[in-house]
Amino acid sequence: MAPLVRSLGKPLAHALAVAALWIAACAAQAAPPIQHWITASGARVYFVESRGLPMLDIKVEFDAGARRVPAERAGLGGLTHTLIKAGSAAHSEEEIGRLIADVGAQLDGNVDRDRAGFALRTLSSERERKQAIATFAEMLQAPAFPQGAFAREKARLVDAVREGETKPATIASNAFYRLMYGAHPYALAPTPETILSIERADVEGYYRANYVAERAVVTIVGDADRGLAERIAEQLTAKLPRANDTPAPLPPVVQPQGQTLRIAHPASQSHILLGLPAIARDDPDYFPLLVGNYVLGGGGFVSRLYLEVREKRGYAYSVYSYFLPLAQEGPFEIGLQTKKEQAEEALARVRVVLDEFLARGPSVAEMKAAKQNLVGGFALRIDSNRKLLDQVAIIGFYKLPLAWLNDFAARVEKVSATEVRAVFARRVRPGNLVTVVVGSGEN
Amino acid sequence: MGIRMFRCLLVLAAALAVTAASAQTGAHEYKLANGLRVIVKEDHRAPTALHMVWYHAGSMDEVSGTSGVAHVLEHMMFKATKTVKSGEFSRRVAAAGGRENAFTSYDYTAYFQQVPKAALAEMMQLEADRMANLLVTESEFSQEIKVVMEERRLRTEDRPRALVAEALNAEAFFAHPYRRPVIGWMNDLLNMSYVDARNWYKRWYVPNNAFVVVVGDVKADEVLALAKKYYGRIKARPLPERKPQLEPEQRGVRRLVVKAPAELPYLLMGWKCPVLRDVSQDWQPYALEVLSGVLDGNESARLNQSLVRNSRVAGEVGASYDMTARGPGLCLIEGTPGPGKNAAELEAGLRAELALLVRDGVTEEELARVKAQVVASQVFKRDSIFGQAREIGRYETAGLSYRDIDRVLEGIKAVTAEQVRSVAKLYFVDDHLTVVVLDPQPLGEAQSRPAAPGARH
């Protein structure tokens with residue numbers, strides 16, 4: 001929760017935009033070597049030894065994101081993820097929280113459309129490390145899904161979804177994904193109805209089918225040698241459920257018909273999103289899109305959208321664009337918020353900037369600036385264990401080449417302006433663009 | 001990026017981590033002839049450097065009618081100087097492979113660039129230039145003020161819980177300038193002129209009201225040489241007098257209701273609490289810090305365990321306390337009612353928890369747990385050069401020294417269970433409490449409400 005706002009900042013585009021860019025942007029100065037192996041149970045492990053600080057970061061992720069959930073049970077993925085923390089056969093929810101905190105460790109979770117997982121940060125000293133990892137291992141591999149916690153978390157999730165349905169940003173995002181993805185599971189967002197239909201057995205079943213060793217990815221960064229990392233990875237995965245079969249194939253992502261949806265809302269600003277499904281994680285077009293998007297709307301305070309929409313016209317505080325590569329074609333998204341009275345002008349300006357970029361592509365100077373930042377700033381993308389952990393976890397989950405970080409700069413350098421224009425023209429077709437305006441004043 | 005509402009996120013998500021002090025051993029401090037202080041902490045884990053400039057000028061230094069000007073000036077700092085064109089600053093940071101931002105709070109305004117280490121000199125040159133040579137023009141101001149108003153709409157006007165927080169500050173403080181929102185009242189923004197921003201710049205942006213923090217793969221003496229070269233030539237100027245504006249004692253509970261479109265009610269309670277002034281004599285802020293950890297330092301801490309998991313009167317709950325501040329402190333508790341519960345039931349549940357704490361105190365186990373988290377966070381925070389630089393800056397702007405960080409850690413470790421109980425009893429009293437409740441309105445009806453005063457179109 002977030003009460004007193006005591007600090008304001010000039011946002012570097014949009015939080016998501018930057019996150020997406022950073023996920024991508026890692027280049028070729030000496031990235032530390034990634035060691036990779038498979039555990040006895042079939043989990044993939046990615047390990048970076050980093051001895052600078054007496055601490056360990058461990059991430060365990062599964063192919064258990066929202067895309068694995070049947071439409072009529074939307075919310076099941078998030079609920080299962082929450083309930084994994086709700087106690088095991090041996091320890092209650094309260095005890096698990098205490099065992100982690102007693103040694104100063106920190107546990108975080110993440111769920112998105114593809115991935116679901118947890119990240120543990122602990123001191124590497126023996127007593128702290130052992131207790132933190134043993135608790136983490138038990139939580140992951142022997143969740144009890146107690147009925148009481150199930151009922152409570154289900155009710156809390158319904159409340160949270162209802163609250164979200166009053167917020168313009170959430171309304172816009174849900175509608176945007178619905179329009180982009182249609183019948184594909186990337187479109188899904190939980191509703192009170194889908195959540196209320198979930199039974200405890202669904203949660204247990206979802207866990208058994210998806211939190212399986214063969215589709216687990218363990219990422220370890222920090223103060224350990226290979227032997228210790230191997231023991232940790234075994235400890236965290238040996239008792240996971242086993243996959244009975246491969247997951248059912250998902251339908252292909254189909255390009256939407258271009259359309260604009262306007263939704264009324266009493267907020268003073270309109271929340272505007274434009275985009276379409278664009279690119280999968282392993283697609284080689286990624287690099288031209290990354291470089292091009294830096295110019296269009298990804299590059300902090302220097303992108304075209306920033307200059308044209310914010311700097312020159314004062315239409316918005318936050319305006320950005322990004323590509324979010326997923327297992328299947330993830331979205332290209334442009335977003336901004338602007339006071340209602342000027343929403344149509346601001347949207348028109350965004351379209352002018354986009355259309356102009358699609359028509360002509362980046363200039364020579366823009367290409368140079370983009371490469372300077374993406375390549376030159378590589379060191380910043382991996383200058384902490386936390387950042388490394390997130391980068392390596394993506395490489396692991398999406399089975400990118402282990403040399404991905406080391407090849408990055410060369411791949412960026414190779415991109416030409418012609419290529420950017422050609423790839424954008426192929427990937428961002430105006431006829432498929434969907435637009436959502438929440439708070440348009442129209443019903 | 002993270003800086004947006006960074007402080008607020010940190011305060012809430014990890015009350016402990018915020019004040020978690022650390023071994024700042026190895027930091028070097030210098031003072032230039034013009035009064036500018038330079039603090040350097042070498043950290044050679046990665047070939048990057050973080051450069052921050054902090055000004056002792058935040059929204060608490062503003063006067064009525066121009067609220068928000070500290071933050072508006074922060075935006076203007078990215079515009080033209082005498083020699084650097086508008087937008088050029090950011091283009092050069094980007095070209096160096098850097099990232100940058102700035103943040104304004106009640107107590108300070110700060111700017112930073114994180115860059116590959118070879119670019120540090122250029123960053124210092126650019127930052128020194130805008131310390132002395134900024135041009136605040138009418139045309140650029142008139143564009144940027146629109147951006148700031150959009151920012152206020154985004155962060156506050158359309159966010160019911162932010163309106164509640166704004167109301168709490170305005171009500172808890174009658175006299176102290178913490179009563180004004182950092183971003184400023186909309187009507188003050190509407191009536192602000194470039195002259196207000198320019199005056200602010202002239203008044204506060206001087207080397208003797210600033211300090212530089214550099215953390216990263218650098219050598220302290222080389223940073224000093226660069227600081228002398230670039231910042232050393234800027235002249236000092238006398239600073240205006242700062243009035244204390246002390247808050248008079250609160251004499252009784254204050255309650256407010258805020259209506260806004262939402263589904264769930266939201267409750268925010270703030271008690272006047274002391275902040276850290278003397279690191280070796282004060283003990284109450286340390287005890288309040290531990291108290292905050294006992295209430296909300298981990299998932300099984302008292303508030304979540306008792307109110308969200310057990311009685312379920314809360315859907316979400318949190319406690320926070322920030323012991324470092326130039327002005328007066330607040331201990332905050334916030335929450336939403338659990339499914340089927342209302343704000344009154346939530347408040348009763350929270351009060352019962354506090355009463356229990358005052359009556360029975362905390363256990364040794366709870367105390368040890370909080371301290372273990374503090375100790376671990378000393379290691380964890382060193383993973384981020386940004387976090388380290390920010391901690392140094394926060395101490396310095398709160399009237400403390402970065403050297404105090406270690407003593408604060410010792411102070412927290414020395415807190416006893418009885419001290420925690422006694423600060424709970426002393427400070428969590430109704431006479432010093434302000435309560436604000438969000439009364440959620442349906443979207444449809446809220447649509448027909450009259451425009452808020454000041455929302456001129």
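The values are calculated or read from the model by the stated rules, or taken from the named source; none is laboratory data. The structure displayed is predicted, hence computed values, not measured ones. Cβ atoms come from the backbone with ideal geometry, glycine included; neighbour counts cover every protein chain shown.
Identify all residues within region A:85-118 that are surrounded by 21 or more Cβ atoms within 10 Å (Cβ to Cβ) and either β-branched (Val, Ile, Thr) or at pLDDT below 95 (or both); write none if there are none.
Once the filter is applied, which keeps residues that are surrounded by 21 or more Cβ atoms within 10 Å (Cβ to Cβ) and either β-branched (Val, Ile, Thr) or at pLDDT below 95 (or both), region A:85-118 yields A:Ile96, A:Ile100, A:Val103.
Does at least one position in region B:395-411 carry a residue that is in contact with a helix residue (DSSP H, G or I) (Cβ under 9 Å, 6 or more places away or on another chain), at pLDDT 95 or above and within 30 Å of B:Ala348 (Cβ to Cβ)?
Taking every residue of region B:395-411 in turn, none turns out to be in contact with a helix residue (DSSP H, G or I) (Cβ under 9 Å, 6 or more places away or on another chain), at pLDDT 95 or above and within 30 Å of B:Ala348 (Cβ to Cβ).
With B:Thr324, B:Thr336 as the choices, which residue is surrounded by 20 or more Cβ atoms within 10 Å (Cβ to Cβ), part of a strand (DSSP E or B) and not small (Gly, Ala, Ser)?
None of the others qualify; the one that does is B:Thr336.
Could you go through region A:269-287 and let me know if any residue there is part of a helix (DSSP H, G or I), surrounded by 24 or more Cβ atoms within 10 Å (Cβ to Cβ) and within 7 Å of chain B (Cβ to nearest Cβ).
No, there is no match, as no residue in region A:269-287 is part of a helix (DSSP H, G or I), surrounded by 24 or more Cβ atoms within 10 Å (Cβ to Cβ) and within 7 Å of chain B (Cβ to nearest Cβ).
Among the residues that make up region A:326-333, is at least one of them of a type outside the set (Ser, Thr, Tyr), within 14 Å of chain B (Cβ to nearest Cβ) and either farther than 14 Å from A:Leu307 by Cβ or free of Cβ contacts under 8 Å to residues at least 40 places away in the same chain (or both)?
no
What are the pairs with Cβ atoms under 9 angstrom where one residue, in region B:262-278, is in the same structural domain as B:Gly327 (by TED's automatic domain parsing) and the other, located anywhere, is modelled with pLDDT under 95 and of a type in the set (Ser, Thr, Tyr)? Sequence gap at least six, or different chains.
B:Leu276/B:Thr19
Taking the residues in region B:391-408 that are in a helix (DSSP H, G or I) and touching a Lys or Arg at 6+ places or on another chain (Cβ under 9 Å) as candidates, determine which candidate is surrounded by the most Cβ atoms within 10 Å (Cβ to Cβ).
Once the filter is applied, the top-ranked residue is B:Ile392.
Would you please list the contacts, defined by Cβ atoms under 6 Å and residues six or more apart or on different chains, that run from a residue in region A:77-100 that is touching a residue at least 40 places away in the same chain (Cβ under 8 Å) and under 17 Å from A:Asp63 (Cα atoms) to a residue that is hydroxyl-bearing (Ser, Thr, Tyr) and part of a helix (DSSP H, G or I)?
A:Thr80/A:Tyr206; A:Thr80/A:Tyr207
In the list A:Ser363, A:Ser303, A:Ser318, A:Ser384, which residue meets the criterion of being hydroxyl-bearing (Ser, Thr, Tyr) and more than 10 Å from chain B (Cβ to nearest Cβ)?
That would be A:Ser363, the only listed residue that is hydroxyl-bearing (Ser, Thr, Tyr) and more than 10 Å from chain B (Cβ to nearest Cβ).
Out of everything in region A:142-160 that is of a type in the set (A, V, I, L, M, F, W, C) and in a helix (DSSP H, G or I), what residue ends up being farthest from A:Tyr207 (Cα to Cα)?
The residue in question is A:Ala160.
Just one of the numbered conditions (1) of a type outside the set (Phe, Trp, Tyr); (2) within 30 Å of B:Asn310 (Cβ to Cβ); (3) in a strand (DSSP E or B) is not true of A:Gly78; which one?
(3)
I want to confirm something. Restricting to region A:161-202 and keeping residues that are closer than 28 Å to A:Ala144 by Cβ, among the polar types (S, T, N, Q) and not in a helix (DSSP H, G or I), which single residue is farthest from the chain's Cα centre (by Cα)?
Checking each candidate, the answer is A:Ser197.
Name the residue that is nearest to A:Pro192 (Cα to Cα), counting only residues in region A:118-151 that are small (Gly, Ala, Ser) and in contact (Cβ under 8 Å) with a residue 60 or more places away in the chain.
The extreme case among them is A:Ala149.
What tally of residues in region A:187-230 results from selecting those that are buried (at least 20 other Cβ atoms within 10 Å of the Cβ) and either touching a strand residue (DSSP E or B) at 6+ places or on another chain (Cβ under 7 Å) or farther than 30 Å from A:Val254 by Cα (or both)?
15
Hey, any hits in region B:288-296 for a residue that's of a type in the set (Ser, Thr, Tyr), away from every other protein chain (no Cβ under 14 Å) and touching a residue at least 24 places away in the same chain (Cβ under 8 Å)?
The answer is no; no qualifying residue exists.
Can you go through B:Pro240, B:Pro244, B:Pro285 and tell me which one is in contact (Cβ under 8 Å) with a residue 12 or more places away in the chain, exposed (fewer than 14 other Cβ atoms within 10 Å of the Cβ) and either not in a loop (DSSP other than H, G, I, E, B) or not assigned by TED's automatic domain parsing to the domain that holds B:Leu438 (or both)?
Going through B:Pro240, B:Pro244, B:Pro285 in turn, just one is in contact (Cβ under 8 Å) with a residue 12 or more places away in the chain, exposed (fewer than 14 other Cβ atoms within 10 Å of the Cβ) and either not in a loop (DSSP other than H, G, I, E, B) or not assigned by TED's automatic domain parsing to the domain that holds B:Leu438 (or both): B:Pro240.
Give the residue that is farthest from A:Gly292 (Cα to Cα), with candidates limited to residues of region A:400-431 that are part of a helix (DSSP H, G or I) and among the charged types (D, E, K, R).
Ranking the candidates gives A:Asp407 first.
For region A:360-399, list the helices (runs of 4 or more DSSP H) that sit wholly inside it and hold at least 2 residues that are within 14 Å of B:Gln114 (Cα to Cα); which are they?
A:364-376, A:378-381
Suppose the filter is closer than 30 Å to A:Pro54 by Cα and charged (D, E, K, R); does A:Arg360 pass it?
For A:Arg360, the condition - closer than 30 Å to A:Pro54 by Cα and charged (D, E, K, R) - is not met.
Quick check on my filter: what residues within region B:125-168 are free of Cβ contacts under 8 Å to residues at least 60 places away in the same chain and at the interface with another protein chain (Cβ under 7 Å from one of its Cβ atoms)?
The answer is B:Gln143, B:Lys146, B:Glu150, B:Glu151, B:Arg153, B:Leu154, B:Asp158, B:Ala162.
Report the residue count in region B:382-411 for those that are out of contact with any Gly (no Cβ under 9 Å at 6 or more places or on another chain), within 29 Å of A:Asp57 (Cβ to Cβ) and of a type in the set (A, V, I, L, M, F, W, C).
Of the residues in region B:382-411, 4 are out of contact with any Gly (no Cβ under 9 Å at 6 or more places or on another chain), within 29 Å of A:Asp57 (Cβ to Cβ) and of a type in the set (A, V, I, L, M, F, W, C).
Spot the failing condition for B:Gly411; the list is (1) among the small types (Gly, Ala, Ser); (2) within 23 Å of A:Gln106 (Cβ to Cβ); (3) crowded, with 22+ Cβ neighbours inside 10 Å; (4) within 14 Å of chain A (Cβ to nearest Cβ), and only one is missed.
Of everything listed in (1) among the small types (Gly, Ala, Ser); (2) within 23 Å of A:Gln106 (Cβ to Cβ); (3) crowded, with 22+ Cβ neighbours inside 10 Å; (4) within 14 Å of chain A (Cβ to nearest Cβ), B:Gly411 misses just condition (4).
Within region A:156-184, restricting attention to residues that are farther than 30 Å from A:Gln255 by Cα and in contact with a Leu (Cβ under 9 Å, 6 or more places away or on another chain), which residue is farthest from the other protein chains (Cβ to nearest Cβ)?
A:Leu157
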